Amino acid sequence: MRRRVAAGILLALIVVSLLAVWTSKYGYAYQDREMAMVPATAQHWTGTDELGRDRTVRVAAALLIGLGGAAAAAAITTAIAAVVGLLAAFSPAPVAGVLMFVSDVFLSLPWLFLLMMARSLLPLTASPMQMAVITFLVLAALGWPACARAIYSGARTLRSAEWVIQGYASGLRTRQLVRLHIVPHLRPLLLPQFLICVPAFIVAEANLGALGLGIGEPVPSWGSMLMELDNSALLAQSHWVYLPIILLVVVLLLLESFTSEETHA
Amino acid sequence: MLCVAAGTILLVRFAPGFFADEREMDAKYAATARNEMQAAGTQTLSEIAVREVKGWVHGDFGESRQYEVPVTELIAPRIQVSAWLLLRGIFYGWLLALCAALPVSAVRKGGALWGLPFTLLLAMPTAALATACILAEMGGPVLVLALLIAAREFKFLRSALRGTWSSPHMLQGRAQGLPLQALIRVHILPGVAPQLYALATLSVVTALGALVPIEVIFNVPGVGQLAWAAVMNRDLPVLVAVSLLMAFAIGVAGMLSGQKQTLEAAA
């Protein structure tokens, strides 16, 4: 029930954001210098930022980019984790040892520090949209080790199940067994991993953005919108500056309700 | 530790941005930065590794590219600042989480409502929480770290404690009229001790991860701020040293937690 309500609200937010981006006459990067830092007006419902950009459109675009990017990155990271976990579980012990050792090395450093390091080492000359893609790809590339360990553990348990032994005895190859039987059985493990990754990636992007390592301007993101809170002149002008952070918390709470229900299930 | 160092060197050396320097955008430093980058570009991986190892053998971890001083000189005074921040943050975070989880785990209804502040905190990125503290002119880095740790650990503590409250020996103890303090001290906390030790390691990982945004936003001269500066300037010797330090801290925390669990099991 709670999950349905959360899904409904999230869907409504996405639809409203899409409408805001598509129907607005201002693009997210359009600057109206004569209307900089204005409070809410009929033209700009939630005011403008210091460059005169419409806040409604920017927040809506940030929501769509953040949610879409995080979901795509979470899907990639879950796929990588599934491949690594399954490979380790159905490989000889030395291979499994090496794969799990690699994931342990990744896990021996705080994730945000690792992200920061990897993200900062990328070229400075990429376009803002390329930077956005790179940011989410870095998140996807570094988010798999914890998931891989969970999948490895789940797959190892399944490997010794009687029906797997029966499958081997019936002449099924490991690849067939994994594709037809193991992966569907791991679905209850993969889905929560994916759902855990989505809010985690949104938070990570926001933190990276606040440190100046996230998605570059003028593409809007949660991180860059949080940086607006450093502008005391803007804060004094309008309370709508707090809209991104409020919306971010709401989105994360909605995603959290998905995760907790799926984990309990 | 060696793998972390090797991984960091590999990551930095083969990163597409290794030959880029933000100073190139500044006309004043562009020429120097370009020369340095050209010199760095001719270095092979083995040369970089040898230089790093030489720095370790020498005991100074090499020379910082941005500050041009030995890395140990940069890190040593900052370790104390960060360690003190971490210790206080983790201690207050655990205290807050325990104080909240103990009564909330005992109530049968309304647990979700009592846990709402922690759920809200969990949905706040560290950077946003730190910025909110600055805007409200309330609290500082210790408060942000403590709130973050409390939010992360509250859920685990609540579920661990909930199981203990309803265990048969606890019901028996309560039926016999044992005072609450004795119940908590003698029966509840020892019962969840193994989980607490495992959680303590996670707390260290969480705290170390949060250290960077907290120190950067609050301008705390600690290792996190240094790591951020090193990352922004692609300062490899500092990055390797900070990575090693973080891996060491997490390794020690994991080892201590494992040791404690083994001792408890043996006892």
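The values are calculated or read from the model by the stated rules, or taken from the named source; none is laboratory data. In this text the structure is predicted, and so the values were computed from the model without any measurement. Here the Cβ positions follow ideal geometry from the backbone for every residue, glycine too, while neighbour counts run over all protein chains shown.
Please tell me if residue A:191 is surrounded by 21 or more Cβ atoms within 10 Å (Cβ to Cβ), away from chain B (no Cβ under 14 Å) and either part of a helix (DSSP H, G or I) or touching a Lys or Arg at 6+ places or on another chain (Cβ under 9 Å) (or both).
No: the conditions fail for residue A:191.
Specify the residue that is surrounded by the most Cβ atoms within 10 Å (Cβ to Cβ); the eligible residues are those in the stretch B:99-129 that are small (Gly, Ala, Ser), closer than 24 Å to residue B:166 by Cβ and within 13 Å of chain A (Cβ to nearest Cβ).
Here the answer is B:115.
Return the residues of the stretch A:227-254 that are more than 11 Å from every other protein chain (Cβ to nearest Cβ), assigned to a helix (DSSP H, G or I) and touching a Pro at 6+ places or on another chain (Cβ under 8 Å); say none if nothing qualifies.
A:237, A:240
Which condition does residue A:133 not pass, out of (1) within 14 Å of chain B (Cβ to nearest Cβ); (2) closer than 30 Å to residue A:47 by Cβ; (3) crowded, with 19+ Cβ neighbours inside 10 Å, if it passes all the others?
With respect to (1) within 14 Å of chain B (Cβ to nearest Cβ); (2) closer than 30 Å to residue A:47 by Cβ; (3) crowded, with 19+ Cβ neighbours inside 10 Å, residue A:133 is out only on (3).
I want to confirm something. Restricting to the stretch A:194-224 and keeping residues that are under 12 Å from the mean Cα position of the chain (by Cα) and over 16 Å from residue A:136 (Cβ atoms), which single residue is farthest from the other protein chains (Cβ to nearest Cβ)?
Checked the stretch A:194-224; the qualifying residue farthest from the other protein chains (Cβ to nearest Cβ) is A:195.
Determine whether the stretch A:219-226 contains at least one residue that is in a loop (DSSP other than H, G, I, E, B), out of contact with any strand residue (DSSP E or B) (no Cβ under 7 Å at 6 or more places or on another chain), farther than 26 Å from residue A:84 by Cα and modelled with pLDDT under 80.
No.
Within the group A:220, A:188, which residue is in contact with a helix residue (DSSP H, G or I) (Cβ under 7 Å, 6 or more places away or on another chain) and under 30 Å from residue A:112 (Cβ atoms)?
A:220
Quick test for you: out of B:193, B:200, B:227, B:210, pick the one residue that is within 11 Å of chain A (Cβ to nearest Cβ) and either of a type in the set (Ser, Thr, Tyr) or farther than 14 Å from residue B:81 by Cβ (or both).
On inspection, the qualifying residue turns out to be B:210.
Which of the numbered conditions does residue B:158 fail, given that it passes all the others? Conditions: (1) charged (D, E, K, R); (2) in a loop (DSSP other than H, G, I, E, B); (3) surrounded by 19 or more Cβ atoms within 10 Å (Cβ to Cβ).
Evaluating residue B:158 over (1) charged (D, E, K, R); (2) in a loop (DSSP other than H, G, I, E, B); (3) surrounded by 19 or more Cβ atoms within 10 Å (Cβ to Cβ) leaves (2) as the failure.
Conditions: (1) surrounded by 18 or more Cβ atoms within 10 Å (Cβ to Cβ); (2) aliphatic (A, V, I, L, M); (3) within 24 Å of residue A:11 (Cα to Cα); (4) at pLDDT 85 or above. Residue A:186 meets all but one. Number of the miss?
(3)
Does the stretch B:130-142 contain any residue that is aliphatic (A, V, I, L, M), crowded, with 20+ Cβ neighbours inside 10 Å and free of Cβ contacts under 8 Å to residues at least 60 places away in the same chain? It would help to see each step written out before you state the result.
Here is the first cut: in the stretch B:130-142, the residues aliphatic (A, V, I, L, M) are B:130, B:132, B:134-136, B:138, B:142.
So of that shortlist, the ones also crowded, with 20+ Cβ neighbours inside 10 Å come out as B:130, B:142.
Next, only the ones that are free of Cβ contacts under 8 Å to residues at least 60 places away in the same chain stay: B:142.
Taking every residue of the stretch B:130-142 in turn, at least one turns out to be aliphatic (A, V, I, L, M), crowded, with 20+ Cβ neighbours inside 10 Å and free of Cβ contacts under 8 Å to residues at least 60 places away in the same chain.
Looking at (1) at pLDDT 80 or above; (2) more than 25 Å from residue A:245 (Cβ to Cβ); (3) over 18 Å from the mean Cα position of the chain (by Cα), which one does residue B:230 not meet, given that it meets all the others?
Just one mismatch for residue B:230, condition (3).
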